[in-house]
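Visitor: Below you will find the structure I want to go over with you.
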Amino acid sequence: MRWRPALTFYEKRIEILRCLDDRGVLRAFRVGDDSVDTRLMDARHEMTITQEGLSLDLFGQGADPDVVWDSLTEALERIEPTVSLIRIGFQHIVPLAMPFEESVAKGQERFLSLSPTLDLQDWALLINPDPHSAVEFGIIRADEAADRLTRWAGRMRGDKPLAGVRRWVGVTFPDVAIFADSYWGTTQVGGQLVDETRKHWTAANERAGELVDNLYATISAQD
């Protein structure tokens, strides 16, 4: 979430931390000159607030936006920012029951409309569903998953650095999978900010899920 620089961030940041602590959801925090970083509930939920915006990062399948939604609400109600952009991002890893080379070849033909005789070793595709959204997807092996999730690899890496590879140590990834990294943005922010944010999150979740379902159906379809 991005907004015009807000003086209220400096006036309210400690109050926000106190509220989170009183509610029993604050597990760790760090106060910088121009930012406040928090860990909520556990290591899977992190929120950062600055004078110019807020980010809420959820990691892993067990992360749940509902359990930290009140924390987001507390911050927004205190800062009362003038928001210019809301952007919701998702990362999907969907297992494929076929060898990597076959998956790459089918994707090459079905997504890129290129002949299998070109014999591409790998590929990834970046698309823009609308001016404020982007999706990168491709086929990955298990040992590529952590680099993709942290954006050390791929064309989305300039968008926003994510937590280090160590977060994914010990996680078992599928041998072959579709990987999709997407964000869905809107500048149409009016009315009640919390309600608008929740509405956009719901819509973005549906769009991302529908896209990934279609990608899986396309590459898994029988010839």
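Visitor: Could you say whether any residue in region 74-96 is touching a strand residue (DSSP E or B) at 6+ places or on another chain (Cβ under 8 Å) and under 17 Å from PHE29 (Cβ atoms)?
Guide: Looking for residues that are touching a strand residue (DSSP E or B) at 6+ places or on another chain (Cβ under 8 Å) and under 17 Å from PHE29 (Cβ atoms), one finds at least one in region 74-96, hence yes.
Visitor: Restricting attention to region 142-166, which residues are at pLDDT 75 or above and surrounded by fewer than 15 Cβ atoms within 10 Å (Cβ to Cβ)?
Guide: Within region 142-166, ASP143, TRP152, ARG155 meet the criteria.
Visitor: On to the next question. Residue pairs, Cβ under 6 Å, 6 or more apart or interchain, first in region 81-98 and charged (D, E, K, R), second assigned to a strand (DSSP E or B). List them.
Guide: ARG87/TYR183; ARG87/GLY185
Visitor: For region 169-195, what are the residues that are assigned to a helix (DSSP H, G or I) and either under 18 Å from the mean Cα position of the chain (by Cα) or buried (at least 18 other Cβ atoms within 10 Å of the Cβ) (or both)?
Guide: Selection gives LEU193 alone.
Visitor: Of all helices (runs of 4 or more DSSP H) completely enclosed by region 1-114, which ones contain at least 1 residues that are under 19 Å from the mean Cα position of the chain (by Cα) and surrounded by fewer than 17 Cβ atoms within 10 Å (Cβ to Cβ)?
Guide: 69-79
Visitor: Kindly indicate whether any position in region 202-216 is at pLDDT below 95, assigned to a loop (DSSP other than H, G, I, E, B) and over 25 Å from GLU102 (Cβ atoms).
Guide: Checking region 202-216: not a single residue is at pLDDT below 95, assigned to a loop (DSSP other than H, G, I, E, B) and over 25 Å from GLU102 (Cβ atoms).
The values are calculated or read from the model by the stated rules, or taken from the named source; none is laboratory data. Keep in mind it's a predicted model, so treat the numbers as computed, not measured. All Cβ positions, even for glycine, are placed from backbone atoms using ideal geometry, and neighbour counts span all protein chains on display.
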